[in-house]
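Peer 1: Handing you a structure now.
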Amino acid sequence: MGLPGEGVLQGLAVTARTMTRRADTRQYPDVPPDLPPRSRGVIALREENCTVCMLCARECPDWCIYIESHKEEVAVPGAARPRQQNALDRFAIDFSLCMYCGICIEVCPFDALFWSPEFEYAEYDLRDLLHEQGRLGEWMATVPPPPAHDPRGEPAKEEAAARRPAPGAAGGGA
Amino acid sequence: MSLAELGLRVALVVVAFLTLPLVVGQAEHKVMAHMQGRLGPMYAGGFHGWAQLLADGVKFAQKEDLIPRGADGPVFRLAPAVALLPYLVVLLVIPLGPGDLVAQPLDAGLFFALAVLGVGVVSLLMAAWASANKYSLLGGLRGAAQLLGYELPLVLSAASVAMAAGTLSLPGIVAAWRPWWLLWQLPALLVFFTAALAEIRRPPFDMPIADSELVFGYLTEYTGLRFALFLLAEYVGIVVVAALTTVLFLGGWKGPFADASLGWLWTLLKVFAVSFAVIWLRVATPRLREDQLQRLCWQALVPVALGQLVLTAAVVTAT
């Protein structure tokens, strides 16, 4: 405890100092926000990469991905019999259910799903948050390029594997 | 003084009465925001929200004029006017500059101003009692205790200046003021400023309103224009308190140069500086508890004011 009124003076000093600094307010609708890289705004779909493996739909914790497909026969010239291939009919994500965990994007083995930082897709009706294939495809244009690899981080698994001498090569053969 | 001149003076006072509080209110919006690292109003009027208070006024005017069923109608309706009028009347006697730059030079101007300011407690009690609401009543009782208590240091510290100047006339006090009074009357200045803050129920002395405990104290039942009038009274109160502090303790129209021609400018500058201090204190201090409020008044302000009176009397008789 110091002099009486010391606390008041300290408070006055703090507010005066704050007043001389610039306000932290971001004027959002007027000025677009600078989002951090890898922001989770909306999920984009690259249709051509989807093989209807259903991994995303099965891993989704709240089952908000709807996939419908049919099988097509592809006749490969020279092959003994035609091959079967999955064809995507419908791919939809219900963003009123989605909890933005990103598991679908993690598990997709063929890079068909991506995070996009776009977030301004609020709707007046909850049902309109069900984004069908076309809408999900449109988000692809907003997906940013992946961030560069951290120069001081560990090398990627593939890189490390490529550097390792192949078994049986020179130096091996113990 | 001819009738036309009188009308002109009263009209000018009314204009000041309507514009200065808006300037202070807007300054409060912006200063408080920046002191808290915000921007404050940015949209109304286009440029940095300059028209925010006008927009607020339009909004208040559109609201339903609600009077609770149990309320005492006439008293309830009259209270905002009683809150507002004393401040308007006080503005009449505050000198803006030397010579004739005062709406109504009264010989007992200081006495008149303090007496009229005392009417504030009546409006508060009217609003509190007529609302038929327990929160209003609690707020009103707190307010009555606060206002009556702080009246004493307010009057004592003002009396010190009056004694030093040897006159009760506000222009007379400014004319007698010397810069070294700033030091001599410093305790009185601090006591007067603090007590005046409590008189207009500004934070940190907003115990009668205390929105976290009493909803909104004696203003709980007020809506629309009547509520706006109470708010306006608060901001006119800031102007009046700042003007009285300026005139009594800060030398009114006396500035570094050109007192005769630029006196009004010095007065206004000082008024705005004191208003800024009022806003600043609001941002930086938490609300006083009821017992702290009374202790500050009776154990700190009153003894200091009495000591200042003794000091003033000693210096006046010695010279």
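The values are calculated or read from the model by the stated rules, or taken from the named source; none is laboratory data. These numbers were taken from a predicted model, which means no experiment stands behind them. A quick note on method: Cβ atoms are made from the backbone with ideal geometry, for glycine too, and the neighbour counts reach across all protein chains shown. To get the accessible areas, we keep the full protein, side chains included, count just its heavy atoms, and leave off ligands, DNA and RNA. Shrake-Rupley method; radii C 1.70, N 1.55, O 1.52, S 1.80 Å.
Peer 1: Restricting to the stretch B:44-74, count the residues that are open to solvent by less than 30 Å² (accessible area, probe 1.4 Å) and among the charged types (D, E, K, R).
Peer 2: Looking only at that region, the number is 0.
Peer 1: Another question about this same structure. Go through the residues of the stretch A:86-97 one by one and say whether even a single one is farther than 24 Å from A:Thr142 by Cα and either part of a loop (DSSP other than H, G, I, E, B) or of a type in the set (S, T, N, Q) (or both).
Peer 2: Yes: the stretch A:86-97 contains one or more residues that are farther than 24 Å from A:Thr142 by Cα and either part of a loop (DSSP other than H, G, I, E, B) or of a type in the set (S, T, N, Q) (or both).
Peer 1: Yes or no: B:Gly70 within 14 Å of chain A (Cβ to nearest Cβ), part of a loop (DSSP other than H, G, I, E, B), over 20 Å from the mean Cα position of the chain (by Cα) and modelled with pLDDT under 85?
Peer 2: Answer is no for this residue.
Peer 1: With the structure loaded, tell me whether B:Leu106 is farther than 27 Å from B:Thr312 by Cβ and either among the aliphatic types (A, V, I, L, M) or touching a strand residue (DSSP E or B) at 6+ places or on another chain (Cβ under 7 Å) (or both) or whether it fails that test.
Peer 2: no
Peer 1: For the subset of the stretch B:267-281 comprising residues that are within 13 Å of another protein chain (Cβ to nearest Cβ) and surrounded by 21 or more Cβ atoms within 10 Å (Cβ to Cβ), which member is farthest from B:Leu189 (Cα to Cα)?
Peer 2: B:Ile279
Peer 1: Right, next: Condition check: open to solvent by 10 Å² or more (accessible area, probe 1.4 Å) and modelled with pLDDT of 90 or more. Does B:Phe112 satisfy that?
Peer 2: For B:Phe112, the condition - open to solvent by 10 Å² or more (accessible area, probe 1.4 Å) and modelled with pLDDT of 90 or more - is not met.
Peer 1: If you go through the stretch B:288-314 one residue at a time, how many are more than 13 Å from every other protein chain (Cβ to nearest Cβ), open to solvent by 70 Å² or more (accessible area, probe 1.4 Å) and not aliphatic (A, V, I, L, M)?
Peer 2: 2
Peer 1: Then there is this: Could you please let me know if B:Ser123 is within 19 Å of B:Ile238 (Cβ to Cβ) and small (Gly, Ala, Ser)?
Peer 2: yes
Peer 1: Which one of these is under 24 Å from A:Pro117 (Cβ atoms) and open to solvent by 50 Å² or more (accessible area, probe 1.4 Å): A:Thr25, A:Thr51?
Peer 2: Going through A:Thr25, A:Thr51 in turn, the sole match is A:Thr25.
Peer 1: Restricting attention to the stretch B:49-62, does a residue exist that is within 14 Å of chain A (Cβ to nearest Cβ), closer than 26 Å to B:Phe276 by Cβ, touching a Leu at 6+ places or on another chain (Cβ under 9 Å) and modelled with pLDDT under 90?
Peer 2: Yes, there is a match, as at least one residue in the stretch B:49-62 is within 14 Å of chain A (Cβ to nearest Cβ), closer than 26 Å to B:Phe276 by Cβ, touching a Leu at 6+ places or on another chain (Cβ under 9 Å) and modelled with pLDDT under 90.
Peer 1: In this structure, is B:Glu5 among the acidic types (Asp, Glu), open to solvent by less than 30 Å² (accessible area, probe 1.4 Å) and part of a helix (DSSP H, G or I)?
Peer 2: Criteria not met by B:Glu5.
Peer 1: Hey, another quick one. Determine if the stretch B:18-40 includes at least one residue that is more than 28 Å from A:Leu12 (Cα to Cα) and either in contact with a strand residue (DSSP E or B) (Cβ under 9 Å, 6 or more places away or on another chain) or free of Cβ contacts under 8 Å to residues at least 12 places away in the same chain (or both).
Peer 2: Yes, the conditions are met somewhere in the stretch B:18-40.
Peer 1: Could you give every pair whose Cβ atoms fall below 8 Å, whose first residue belongs to the stretch A:143-155 and is within 11 Å of A:Phe114 (Cβ to Cβ), and whose second residue is part of a loop (DSSP other than H, G, I, E, B), counting only separations of at least 6 or pairs across chains?
Peer 2: Within 8 Å, the pairs are A:Pro144/A:Pro37; A:Pro144/A:Pro117.
Peer 1: Does the stretch B:215-238 contain any residue that is polar (S, T, N, Q), free of Cβ contacts under 8 Å to residues at least 40 places away in the same chain and either in contact with a Ser or Thr (Cβ under 9 Å, 6 or more places away or on another chain) or closer than 27 Å to B:Ala144 by Cβ (or both)?
Peer 2: no
Peer 1: Just to verify a result, which residue in the stretch A:15-55, among those that are more than 15 Å from A:Ile103 (Cα to Cα) and of a type in the set (Ser, Thr, Tyr), is farthest from the other protein chains (Cβ to nearest Cβ)?
Peer 2: Per the stated criteria, the residue is A:Thr51.
Peer 1: Follow-up question, since we're still on this one. Go through the residues of the stretch B:228-235 one by one and say whether even a single one is of a type outside the set (Ser, Thr, Tyr), open to solvent by less than 20 Å² (accessible area, probe 1.4 Å) and within 19 Å of B:Val191 (Cα to Cα).
Peer 2: Checked against the condition, which is being of a type outside the set (Ser, Thr, Tyr), open to solvent by less than 20 Å² (accessible area, probe 1.4 Å) and within 19 Å of B:Val191 (Cα to Cα), the stretch B:228-235 yields no hits at all.
Peer 1: OK, next. Can you tell me how many residues within the stretch B:30-43 are more than 9 Å from every other protein chain (Cβ to nearest Cβ) and surrounded by fewer than 17 Cβ atoms within 10 Å (Cβ to Cβ)?
Peer 2: Residues flagged as more than 9 Å from every other protein chain (Cβ to nearest Cβ) and surrounded by fewer than 17 Cβ atoms within 10 Å (Cβ to Cβ) within the stretch B:30-43 amount to 1.
Peer 1: Using the structure shown, decide if B:Arg77 is modelled with pLDDT under 85, surrounded by 13 or more Cβ atoms within 10 Å (Cβ to Cβ) and either touching a strand residue (DSSP E or B) at 6+ places or on another chain (Cβ under 7 Å) or part of a helix (DSSP H, G or I) (or both).
Peer 2: For B:Arg77, the condition - modelled with pLDDT under 85, surrounded by 13 or more Cβ atoms within 10 Å (Cβ to Cβ) and either touching a strand residue (DSSP E or B) at 6+ places or on another chain (Cβ under 7 Å) or part of a helix (DSSP H, G or I) (or both) - is not met.
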